[in-house]
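The values are calculated or read from the model by the stated rules, or taken from the named source; none is laboratory data. No experiment lies behind these values; they were computed from the predicted model shown. We place every Cβ from the backbone using ideal geometry, glycine too, and count neighbours over all the protein chains shown. Note: areas computed on protein heavy atoms with side chains; ligands, DNA, RNA excluded. Shrake-Rupley method; radii C 1.70, N 1.55, O 1.52, S 1.80 Å.
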Amino acid sequence: MRMYINRDWYYTETFTEDFFACPVEDLVPVQIPHTCKEIPFHYFDETELQMVSGYRRNLIVPESWRNKQVLLTFEGVGHSCEVYLNQKKIGEHHCGYTAFTLCLNEALRYGEVNSLVLKVDSRESLNIPPFGHVIDYLTYGGIYRDVLIDVKEQVYIEDVFVHSDLKKVHAEVQLNTFADCSLVLFMRKTAEDDWTLLCEKKASSSKVDLEASVNEVERWELEHPVLYEIKCVLLQDERVLDEKVTEFGFRKAEFKKDGFYLNDRKVKIRGLNRHQSYPYVGYAMPASQQRLDAEILKNELGVNAVRTSHYPQSHDFIQRCDELGLLVFTEFPGWQHIGDDAWKKQAIENVRDMIVQYRNHPSIVLWGVRINESQDDDPFYEATNALAHQLDPTRPTGGVRNFKRSHLLEDVYTYNDFIHDGTTLGCEPKRKVTSNMDKAYLVTEYNGHMFPTKSFDNEPHRLNHALRHAEVLNEVSKHEDISGSFGWCFADYNTHQDFGSGDRICYHGVMDMFRNPKMAASVYASQQDKTPVLECSSSMEIGEYPASTLGTSYLFTNADSVRMYKNNRFVREWKKNETPYAALKHGPIPVDDLVGDLLISEEGFTQQQSDGVKYILNCVAKYGLNHLPVSAFLKMPKLLIKYKMTVEQVTQLYTKYIGNWGEHALEYRFEALKNGQVVKTIRKKPMKSASLSAEADHTDLIEDRTYDVALVRIKMISETGNVLTYSHEPVHLETEGPIELIGPSWISLQGGMFGTYVRSNGEGSAKLVLSDTRGNQKVIAFNCRIMRK
C-alpha cells in the first residue's frame, strides 16, 4: 500500500529543540512541495534562503501495520536533513537532489498518533555538493518533492532494474532480505491491459536476475516513444507478498566516435539545458509544472534532448521525457568546486543514488559523473566512473568540462564550448578540443553568459541573440563527429549576487522565467516539422533602429517558402534554401529585399533600372546612408545619369518603399507556405489597440498527490496578435473560489510579457481575473477537483 503525505505539515523558518512540542498555533500550515521561503521575482537577498528550518506532521498509524514494514520516502529535501519520529532520530540525508527512504518500524507507536519531524538545513556553508564555492544558480531549500509511505510485508521488492538488448528483457531484482520465495515476471505495453507472463524464478539470494526472450516489440523512438511495463510479483507459498511495476522502453542508444545513434539511426542531438526552478517558489512545484516543462521543450521549442543541469531532477519531468521521446543527459550535483575527502565521499554516494533511482527511464542516455566545469581529479573521477558502470553497464558516462585536453576517463568527451562571440565560428572542431578522436564528443553548453538577453532588449540585441544560437547549431550540424549540442539555456533563472544582471536573474534563456519565448526560441522551434512556425525578427518600425536604418531582418520558419506583401502588394518570395545557415534543416532567412518588383509594376521601370535602383534602396535600408558599401556609391551616379534621375527622386522612392517616413503607415504581411498551401500568416504594422492576453496551460486543477498548479502566461498584444514588446504596464490579478496566487497580486509586464501561477486550494469552480490600467480585463475559469492518492 502506498500513500502520499504531502498535506497537513507545519513549518517554522527557525528550528529549535522546542519545535518538537510547540503548539501548532505557533506554526505555519503548509503543503508539500514547499520552499523554505518564497522570494520576490527579482531584487532580493538570497541569504534569506539559507536557514535551518523545521517541518512537523502527525502520523496516525493503525494497529494493522504492526507486522508490516513501514517505509517513509522523501523524494527531495534541500539540502541536508535529519528525520525524527517521536523525538527519536531515525535517519539523515545529505543531498538535496536525490530521494531517500527510511524504515519507521523501530520508533513507531501502533494505534497511536506519531510525530514526524524534519530538521532541514539549506545553508550553502554545508560541506556537501554542490557547495564549497560560488554557484551560478540559487539552490533554495525545503521539502520540495513528494513525501510518501509504503506499507510492505516483511519481505518485499526493494528495487528492479529493467534493461533490454531488444531481443531479451532483463530484470535485476533486489529484495530487502533473502527468503524462500519466487519471482514472476510479466510484461505489457503501457497502453494495453493484458499482462503477458515472461518467466518465473526461485530466489536463491536477495538478488535475483530474471531474463526472458521477447518478440515483435516496438522500439522507443524520438517520434514514437513506445513504453512498456514490467510487473515483478513476489510469491511465497502462492501468496503475493509484493509486486512492483516498472516502466521502460526497448531502445538501443550509442555514442560513437562519429556521433550519437538511436536504434542504429544517427541522430544529431539538439537540446537545451534546464534548471528546475520557477519564480517565487524555486524548486517547489508539483507534477503538472514539471511535466509542462518537458512538453514546452518538445512541442514548443522542438528540441530532441535536455540536460538536467546541474543535478538530478524530478521523476515527473523525466517520465514526461520518456513519454514524449525527449533524450536526457542527467548528472550528479556540483558546480566547478571539488571539496575534501568527506565532500567527495558524499559526491560518490550521490552518483549511486542518481543511477539507482533513475536508470529505468529510457529517455536517459548519458550519465554525468564529473562535477560540472571542475578540474581534473583522476582518482575521484575513476571512482565515479567505475561506480556508474557497475550500477548501469548499459549506459555511457560523460563529464562536463570547460577546458581542452582534459583527462578523459568517461565514455564521452562533454565540453562547454563558448568560443562563439557573434563573430567567430559557432563551435570548435572536435580535434581542437580533445585528442581522444576514437571516443564520442558532445557540446554541452554554448551562448548563455556570452550574450545575456532580456525579453525587453531592443530588436537588434534580441536578433543578435537568436542568430548566435543559429550560428552554433549550424556549425555543430556541419561536423559529423560532433554528437550534438545543448544550448544554455531553456529559461531564465534566479541566481546569486555574483552572477546575473544585478537583479538576481541570469537572462540566459531562450525563454523568460515564465516560459514566454524570446526571439531565440524561434530558432529552435523552426527545426521541427509538426507545427508551422513563422516569426519575423523585426516590427518593421524604422524608429526602433539607429538612424532609422532597418538593417537585415530575419524570418524564422519551417515552411518551404515565405511570401512578403506590403500594403497587400506582393513584394518577394523567399525559399527555404535562401539561408546562410545551410547546415540547418530550416535556417533563418534574411529579409534582404523590401522592394521586389514594385518599381516595375508601380513606377514603370525596366528590369535593369529596377535592379539598379532597388540595390541602392536596399543598401540604404541595410547599412544606412553614411555606411553604404563602395559598390552602392559607384552605382548611384551611373543610375542618375543613365536614367536621368535626381537625388530627390531616389529619396522619394526610399520614403515610399522603405522608410515611409511621414507617409501612410505600411502593413507587412508574411505568409508561410508548405506544399503550396499557406500554413501561417503574420502581420506587422503600427498598433492601434492593445489588449490583454492570458492563457493557462490547463484549467482542470486536479489534486491527487498534492495541490495542482497552472501556469498563466500573460501578454499585451496588438490587434494583429503581435506582442507589444515595450509594454511594461501593471496588471492586477484577483482570484475567486478555491484557488490562490503564487506570487503577488500586482505584476508589471516585462517585454510585453509576464506570468503568474495559480494553485488549487479545494474543490469547485474558480476564476482568475486579470485587469490592466487601460480597462482591459481577462477572465480564466478553473475547475478544481480532488482525487487524492
So, restricting to strands (runs of 3 or more DSSP E) that lie completely within the range 226-327, which ones have at least 1 residues that are open to solvent by 20 Å² or more (accessible area, probe 1.4 Å), modelled with pLDDT of 95 or more and within 27 Å of Phe556 (Cα to Cα)? 265-267, 269-273
Just give me the residues in the range 763-788 being under 30 Å from Asp146 (Cβ atoms), modelled with pLDDT under 95 and not charged (D, E, K, R), in sequence order. Ile786, Met787
Collect the residues in the range 686-703 that are over 30 Å from Met285 (Cβ atoms) and in contact (Cβ under 8 Å) with a residue 60 or more places away in the chain, keeping them in residue-number order. Pro686, Ala690
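Residue-by-condition table, conditions (1) out of contact with any Asp or Glu (no Cβ under 7 Å at 6 or more places or on another chain); (2) not in a loop (DSSP other than H, G, I, E, B):
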{"site": "Thr655", "(1), (2)": "no, yes"}
{"site": "Leu666", "(1), (2)": "yes, no"}
{"site": "Arg669", "(1), (2)": "yes, yes"}
{"site": "Ala694", "(1), (2)": "yes, yes"}
{"site": "His698", "(1), (2)": "yes, no"}
{"site": "Ile702", "(1), (2)": "no, yes"}
{"site": "Arg705", "(1), (2)": "no, no"}
{"site": "Met716", "(1), (2)": "no, yes"}
{"site": "Thr720", "(1), (2)": "yes, no"}
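Taking strands (runs of 3 or more DSSP E) that do not extend beyond the range 524-585, which have at least 3 residues that are open to solvent by less than 10 Å² (accessible area, probe 1.4 Å)?
Numbers: elements: 534-536, 553-557, 561-566, 569-575.
It comes to 553-557, 561-566.
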When residues of the range 4-49 are limited to those that are surrounded by fewer than 14 Cβ atoms within 10 Å (Cβ to Cβ) and among the aliphatic types (A, V, I, L, M), the one nearest to Asp136 (Cα to Cα): Val28
Taking the criterion of being outside any loop (DSSP other than H, G, I, E, B), at pLDDT 95 or above and touching a Ser or Thr at 6+ places or on another chain (Cβ under 8 Å), would at least one residue in the range 124-141 satisfy it? no
May I ask you to list the residues in the range 29-80 that are without any contact (Cβ under 8 Å) to a residue 60 or more places away in the chain, over 27 Å from His94 (Cα atoms) and within 28 Å of the chain's Cα centre (by Cα)? none
When the range 295-311 is examined, which residues are found to be within 15 Å of Glu223 (Cα to Cα) and small (Gly, Ala, Ser)? Gly302, Ala305
Answer with yes or no whether Gly141 is more than 30 Å from Glu216 (Cα to Cα) and in contact with a Cys (Cβ under 8 Å, 6 or more places away or on another chain). yes
For residues that are polar (S, T, N, Q) and touching a residue at least 24 places away in the same chain (Cβ under 8 Å), scanning just the range 645-685, find the one that is least open to solvent (accessible area, probe 1.4 Å). Asn660
Identify the residue in the range 142-188 that is of a type outside the set (S, T, N, Q), free of Cβ contacts under 8 Å to residues at least 40 places away in the same chain and not in a loop (DSSP other than H, G, I, E, B) and, among all such residues, is nearest to Cys95 (Cα to Cα). Glu158
Out of the residues in the range 414-471 meeting the condition of being open to solvent by less than 10 Å² (accessible area, probe 1.4 Å) and in a helix (DSSP H, G or I), tell me which one is nearest to Glu535 (Cα to Cα). Ala466
Which residues, taken from the range 328-347, are more than 19 Å from Phe255 (Cα to Cα) and either touching a helix residue (DSSP H, G or I) at 6+ places or on another chain (Cβ under 6 Å) or open to solvent by less than 10 Å² (accessible area, probe 1.4 Å) (or both)? Phe332, Pro333, Gly334, Trp343, Lys344, Ala347
Mind checking which residues of the range 457-511 are touching a helix residue (DSSP H, G or I) at 6+ places or on another chain (Cβ under 9 Å) and among the aromatic types (Phe, Trp, Tyr)? Trp488, Phe490, Phe499
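If I filter the range 733-743 for residues that are surrounded by fewer than 17 Cβ atoms within 10 Å (Cβ to Cβ) and more than 28 Å from the chain's Cα centre (by Cα), do I get at least one hit?
yes
Could you count how many residues in the range 752-789 are among the hydroxyl-bearing types (Ser, Thr, Tyr), open to solvent by 70 Å² or more (accessible area, probe 1.4 Å) and either without any contact (Cβ under 8 Å) to a residue 12 or more places away in the chain or not in a loop (DSSP other than H, G, I, E, B) (or both)?
Just the residues of the range 752-789 that are among the hydroxyl-bearing types (Ser, Thr, Tyr), to begin with: 756-757, 760, 765, 771, 773.
Checking the rest, the ones that are also open to solvent by 70 Å² or more (accessible area, probe 1.4 Å) come to 765, 773.
From what is left, the residues that are either without any contact (Cβ under 8 Å) to a residue 12 or more places away in the chain or not in a loop (DSSP other than H, G, I, E, B) (or both) are 765.
Residues meeting the conditions: 1.
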